[in-house]
1. Determine whether segment 84-95 contains at least one residue that is polar (S, T, N, Q) and in a helix (DSSP H, G or I).
2. If you go through segment 71-83 one residue at a time, do you hit one that is exposed (fewer than 13 other Cβ atoms within 10 Å of the Cβ), more than 17 Å from Thr273 (Cα to Cα) and out of contact with any Ser or Thr (no Cβ under 8 Å at 6 or more places or on another chain)?
3. Do we find that Thr158 is part of a helix (DSSP H, G or I), surrounded by 11 or more Cβ atoms within 10 Å (Cβ to Cβ) and not hydrophobic (A, V, I, L, M, F, W, C) in this structure?
4. Out of Leu42, Leu23, which single residue is at pLDDT 90 or above and surrounded by 10 or more Cβ atoms within 10 Å (Cβ to Cβ)?
5. Which residues, counting only those in segment 121-141, are modelled with pLDDT under 85 and either touching a Gly at 6+ places or on another chain (Cβ under 7 Å) or in a helix (DSSP H, G or I) (or both)?
6. Do the conditions hold for Gln274, that is, is it assigned by TED's automatic domain parsing to the domain that holds Ile134, within 17 Å of Ala79 (Cα to Cα), out of contact with any helix residue (DSSP H, G or I) (no Cβ under 8 Å at 6 or more places or on another chain) and not in a loop (DSSP other than H, G, I, E, B)?
7. Can you go through Phe223, Phe214 and tell me which one is in a helix (DSSP H, G or I), surrounded by fewer than 16 Cβ atoms within 10 Å (Cβ to Cβ), of a type outside the set (D, E, K, R) and without any contact (Cβ under 8 Å) to a residue 24 or more places away in the chain?
Amino acid sequence: MQKLKKIGYDVNAKDKIYAFLFLGPSLLILSIFVFYPMLRTLYLSFFLTNTLGKPTVFVGFNNYVNLLTSSTYLNSLKATITYVIAVSMLTLVLGILLAQAASKKIAGINFFRTIFSGTMGVSVSVAAIFWLFIFNPSVGLLDQVTTFLHLPTINWLTQPGWAMLAVIISTVWMNLGFTFLIFFGALQSVPKFLYEAAEIEGASKSYQFFHITFPMISPTIFFISIITLIESFKSFGLIDLMTAGGPDNATNLMVYRIYQDAFLSGNYGSASTQSVILAIIISLFTLMQFKLLEKKVTY
């Protein structure tokens, strides 16, 4: 035991040089594209800026107070929370259900596995064009279905409530390919003898799911829930191409509002403040997920 305690590794000057050589490029890139923008954003959030993004007047926390007392911004925050919760829950549940269905050994299942994961290869612009056609009130697929069933036509992208639902559906569809693939891989790793033993004991399919499948893939569920939540907060492309934040700012989520204030209005101080608030909100939601879900994860 004494000999083991004396065993160590001395880091000499040559080792330090090699460490800096290998880590240096990565640290440099992170500093330029991550650390500096973060610090610059925090700095600008305490200033009024000109249209070029240069600070002009120090206002302290006034930018934060003005935003958090603005009904427009609070409505954007409310819409964002609604969107994030809906997208996260639907993506998680549908991903598990599709993966469970694709795990069945039936004829032609490989075709459906390919279809379920196909959205991973679809770009945001193509997805937006596809869903704009689907939701078109004149020639869209949904319009054709409602007309055939003699139901009233819905103006999906021009009515606030329906526009939010349309964006949520489109985003969930975009996210399902990745979620399905991860869950499908997790289900394949569950030992088959557990299901065989449960069937011998007469356990129902629902019992097997909640007492075998769910605990065994709980680390994957935890991972997907975190990733989906963060990605939902950062949604931009579909909203920009489908609704541009409308109608009546119903889909003007926080990230899109930051884009509008910074690059369309030139109000970089307000946009920086919103970016800091968004980062804090994402951190709080992620922390809540760790506190609530990590205890239920079975490793």
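1. yes
2. Yes - at least one qualifying residue is present in segment 71-83.
3. Numbers: part of a helix (DSSP H, G or I): no; surrounded by 11 or more Cβ atoms within 10 Å (Cβ to Cβ): yes; not hydrophobic (A, V, I, L, M, F, W, C): yes.
It is false that Thr158 is part of a helix (DSSP H, G or I), surrounded by 11 or more Cβ atoms within 10 Å (Cβ to Cβ) and not hydrophobic (A, V, I, L, M, F, W, C).
4. Values: Leu23 fails: at pLDDT 90 or above.
It is Leu42.
5. Gly121, Leu141
6. no
7. On the way: Phe223 fails: without any contact (Cβ under 8 Å) to a residue 24 or more places away in the chain.
Testing whether each residue is in a helix (DSSP H, G or I), surrounded by fewer than 16 Cβ atoms within 10 Å (Cβ to Cβ), of a type outside the set (D, E, K, R) and without any contact (Cβ under 8 Å) to a residue 24 or more places away in the chain leaves just Phe214.
The values are calculated or read from the model by the stated rules, or taken from the named source; none is laboratory data. Not measured: the values here are computed from a predicted model. In this analysis, Cβ positions are derived from the backbone assuming ideal geometry, glycine residues included, and neighbour counts consider all displayed protein chains.
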